[in-house]
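The values are calculated or read from the model by the stated rules, or taken from the named source; none is laboratory data. Note that this is a predicted model, so its numbers are computed, not measured. All Cβ positions, even for glycine, are placed from backbone atoms using ideal geometry, and neighbour counts span all protein chains on display.
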Amino acid sequence: MFQYIQRRSLYFAFSAILIGLGIAAMVASLITSGAPFRLGVDFLSGTRFEYQFVEPANELAIRQVFVQAGFENPTVTSLQGEGLENAWQIRTSFALPEQVQQVQAALIATVGPVKADATRVDSVSPSVGAEVTRSAVIAVLVSAGIILFYIMFSFRQVPNPFRYGVCAVAAMAHDLLVILGFAAITGMLLGWEVDALFLTAILTVAGFSLQDTIVVFDRIRENIARRPTENYELTVNRSVLETIHRSLATQLCAMFIMVAILLFGGASIKPFIAVLFVGLLSGTYSSIFTAVPLLVEWEKRAMAQAG
């Protein structure tokens with residue numbers, strides 16, 4: 001039988017490197033932009049304008065229109081991607097409806113005509129932005145607490161069920177850190193923003209990660225009851241090998257669909273799908289190479305101290 005669990009120090013090192021790179025990206029983003037990742041208007045108060053001009057536009061001319069309208073230090077970004085020729089995104093402080101109309105009229109008169117079907121304006125007041133941020137943090141913390149108590153209850157017949165819950169939450173935290181690091185990197189390199197869909201992706205990934213972890217933990221529980229005298233590491237190896245095909249089959253089906261959407265889908269949905277893809281990939285890895293090795297390491301050290 002392949003003794004994968006004995007190589008757990010390698011898995012811990014790989015996870016540490018992966019998370020370390022993500023944290024480094026978040027720190028770099030914090031230094032350069034003032035936030036660990038590029039936050040969308042859903043989390044920050046302000047207004048986001050998106051215009052696609054009929055002819056090539058000049059960044060300086062666009063910026064000048066917003067400055068003359070009373071917006072200090074507007075962020076003007078050229079949008080890249082399929083079907084986004086001469087497309088620009090401008091982020092400002094919160095804009096009133098009359099200011100939006102004034103800016104659009106000035107842009108058409110000064111810079112050039114815009115495509116009506118490619119024009120988008122999103123505004124979030126300071127109170128709404130703060131509420132969304134607070135709700136996002138609370139949602140993640142509450143989900144972690146529910147997961148912990150659910151696993152403790154489900155595995156109450158197993159010795160030390162608290163350890164199973166903590167290891168499952170640790171695997172989920174691993175996935176969230178990977179996603180946040182990915183968001184920081186794509187924010188700096190591609191200009192992708194963290195918006196409300198990002199929170200949806202986080203909660204979705206947490207659910208998938210938990211599902212895989214529970215499947216493996218449940219098989220460990222069954223094998224412990226069937227072979228109470230068997231070596232603990234051997235039982236864990238057996239349990240992982242018995243369930244790994246199910247985990248891979250489930251996740252690969254979803255990943256193939258996401259790859260197809262990334263290749264042929266619209267530009268607006270690609271950041272959301274990319275986060276989901278990376279999160280599911282990390283969730284598949286963490287269920288087998290983070291949660292289970294952590295549980296084994298905890299159990300082995302507890303046995304050594306008791307003996």
Quick one: would you say LEU248 is buried (at least 16 other Cβ atoms within 10 Å of the Cβ) and either under 24 Å from the mean Cα position of the chain (by Cα) or part of a helix (DSSP H, G or I) (or both)? no
Hey, any hits in region 221-242 for a residue that's in the same structural domain as ASN160 (by TED's automatic domain parsing), crowded, with 21+ Cβ neighbours inside 10 Å and small (Gly, Ala, Ser)? yes
Conditions (1) modelled with pLDDT of 85 or more; (2) assigned to a loop (DSSP other than H, G, I, E, B); (3) not hydrophobic (A, V, I, L, M, F, W, C) -> GLY181 fails only (2)
Within region 169-221, can you find the residues that are out of contact with any Lys or Arg (no Cβ under 8 Å at 6 or more places or on another chain), closer than 21 Å to ILE23 by Cα and charged (D, E, K, R)? ASP175, ASP195
Return yes when ASN237 is touching a Phe, Trp or Tyr at 6+ places or on another chain (Cβ under 7 Å) and over 29 Å from THR32 (Cα atoms) and no when it is not. yes
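Of the residues ALA109, ALA95, ALA87, which single one is in contact with an Asp or Glu (Cβ under 8 Å, 6 or more places away or on another chain) and not assigned by TED's automatic domain parsing to the domain that holds ILE269?
So the residue among ALA109, ALA95, ALA87 that is in contact with an Asp or Glu (Cβ under 8 Å, 6 or more places away or on another chain) and not assigned by TED's automatic domain parsing to the domain that holds ILE269 is ALA87.
Listed here are the residues, each with its yes/no results for (1) in a helix (DSSP H, G or I); (2) modelled with pLDDT under 80; (3) in the same structural domain as TRP88 (by TED's automatic domain parsing); (4) of a type in the set (Val, Ile, Thr).
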| site | (1), (2), (3), (4) |
| --- | --- |
| SER135 | yes, yes, no, no |
| ALA139 | yes, yes, no, no |
| TYR150 | yes, no, no, no |
| VAL158 | no, yes, no, yes |
| ALA171 | yes, no, no, no |
| ASP175 | yes, no, no, no |
Can you find a residue in region 156-166 that is farther than 30 Å from PRO271 by Cα and touching an Asp or Glu at 6+ places or on another chain (Cβ under 8 Å)? yes
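I'm trying to understand the selection: among the residues of region 218-249, which are of a type in the set (A, V, I, L, M) and in contact (Cβ under 8 Å) with a residue 12 or more places away in the chain?
Scanning region 218-249 gives ILE220, ILE224, LEU234, VAL236, VAL240, LEU241, ILE244, LEU248.
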Considering region 279-307 alone, what residues qualify as being part of a helix (DSSP H, G or I) and more than 20 Å from ALA168 (Cβ to Cβ)? MET303, ALA304, GLN305, ALA306
Which is closer than 26 Å to PHE12 by Cα and either under 25 Å from the mean Cα position of the chain (by Cα) or not charged (D, E, K, R) (or both), of THR235, THR229? THR235
Hey, THR250 among the polar types (S, T, N, Q) and either within 22 Å of LEU148 (Cβ to Cβ) or not assigned by TED's automatic domain parsing to the domain that holds MET152 (or both) or not: no
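When you scan region 150-162, how many residues do you find that are over 17 Å from ILE288 (Cβ atoms) and in contact with a helix residue (DSSP H, G or I) (Cβ under 7 Å, 6 or more places away or on another chain)?
Step one: filter region 150-162 for residues over 17 Å from ILE288 (Cβ atoms), giving 150, 152-162.
Next, only the ones that are in contact with a helix residue (DSSP H, G or I) (Cβ under 7 Å, 6 or more places away or on another chain) stay: 152, 155, 158, 161-162.
The total comes to 5.
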Please work out if ALA267 is part of a loop (DSSP other than H, G, I, E, B), small (Gly, Ala, Ser) and modelled with pLDDT under 85. yes
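For region 1-114, give me every one of the strands (runs of 3 or more DSSP E) that falls completely inside it and has 3 or more residues that are touching a residue at least 12 places away in the same chain (Cβ under 8 Å), on the phi < 0 side of the Ramachandran plot and crowded, with 17+ Cβ neighbours inside 10 Å.
Filter on region 1-114 gives 46-52, 87-92.
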Just wondering, is there one or more residues in region 203-217 that are over 15 Å from TYR285 (Cβ atoms), crowded, with 21+ Cβ neighbours inside 10 Å, of a type in the set (Val, Ile, Thr) and in contact (Cβ under 8 Å) with a residue 60 or more places away in the chain? no
Condition first: in contact with a Phe, Trp or Tyr (Cβ under 7 Å, 6 or more places away or on another chain), modelled with pLDDT of 85 or more and within 19 Å of SER93 (Cα to Cα). Can you find one or more residues in region 19-34 that meet it? no
